[in-house]
1. Would you mind classifying the stretch 11-73 by shape? Square roots of the alpha carbon gyration tensor eigenvalues, ordered a ≥ b ≥ c; an a/c under 1.5 is rounded, otherwise it is prolate if a/b is larger than b/c and oblate if not.
2. Name the residue farthest towards the positive end of the dipole of the chain from the options V24, I78, P146, assuming +1 on Cβ of Lys and Arg, -1 on Cβ of Asp and Glu, about the Cα centre.
3. Using only the Cα atoms of the stretch 91-131, what are the Rg and Dmax in Å?
4. Reachable aspartates and glutamates from K77, Cα under 16 Å, same-chain residues fewer than 8 places away excluded?
5. Computed FRET efficiency, Cβ-Cβ of M105 and R3, R0 41 Å: what is it to the nearest 0.05?
6. Please give the calculated 222 nm ellipticity per residue for the chain, where each DSSP H segment of at least 4 residues contributes -39500 (n - 2.57) and the sum is spread over every residue; nearest 500 deg cm²/dmol?
7. So how tilted is helix 51-61 from the main axis of the chain? Cα-based, degrees 0 to 90, rounded to 10.
8. Angle check, please: helix 7-35 long axis (alpha carbons) against the longest principal axis of the chain (alpha carbons), in degrees 0 to 90, nearest 10.
Amino acid sequence: MRRTLTGWHVLAIFAGCFGIIIAVNLTLAFQAVNTFPGLVTKNSYIASQSFDADRAAQDALGWELETSLQGGELRLKITDTAGQPVRPIVHKATLGRATHVADDMSPDLRWIDDALVAPAPVAKGYWTLWLELEAPDGTPFRRRIPLDAKGPAT
């Protein structure tokens with residue numbers, strides 16, 4: 001015995017397909033909002049007023065940063081234009097993923113020889129280091145440094 005496809009069957013298939021699409025979209029939207037790391041600055045207009053002057057002051061320092069994230073260790077070496085090591089004051093450092101804040105950590109940076117070193121037990125993948133430093137002359141220095149962890153922490 002063959003069953004016929006009626007209007008009610010088509011309506012049920014149509015509603016079921018759209019129900020699945022809406023459920024998936026809502027799930028993805030809630031996940032995107034809940035994992036968003038948030039604002040970088042409270043008021044972008046006010047931050048933009050001094051952006052060029054701040055960037056020029058930071059560039060005038062002539063600092064070169066060498067960073068690495070390997071074997072569960074974060075290493076940051078800062079040198080000036082003459083290649084001499086610089087020891088700024090570290091106000092804030094955050095190591096995390098660019099896509100969410102669940103893995104964010106504040107590495108305990110300590111001076112070892114001429115580099116800032118901290119344990120960083122991170123998984124393989126792309127990470128971002130946000131730095132807030134202060135030069136010996138009081139100039140604030142801020143950087144966002146993308147890093148690539150090549151393998152698991154050892």
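The values are calculated or read from the model by the stated rules, or taken from the named source; none is laboratory data. As the structure is a prediction and not an experimental result, all values here were calculated from the model. Here the Cβ positions follow ideal geometry from the backbone for every residue, glycine too, while neighbour counts run over all protein chains shown. Calculation scope for accessible area: heavy atoms of the full protein, side chains included, ligands and nucleic acids excluded. Shrake-Rupley method; radii C 1.70, N 1.55, O 1.52, S 1.80 Å.
1. Oblate.
2. With unit charges placed on the Cβ atoms, the residue in question is V24.
3. 10.8, 33
4. Counting by Cα, and skipping residues close in sequence, K77 has these aspartates and glutamates nearby: E64, E66, D108, D113, D114, E132, E134.
5. Plugging the Cβ-Cβ distance into 1/(1 + (r/R0)^6) gives 0.10.
6. -10000 deg cm²/dmol
7. That works out to roughly 40 degrees.
8. Result, in degrees: 10.
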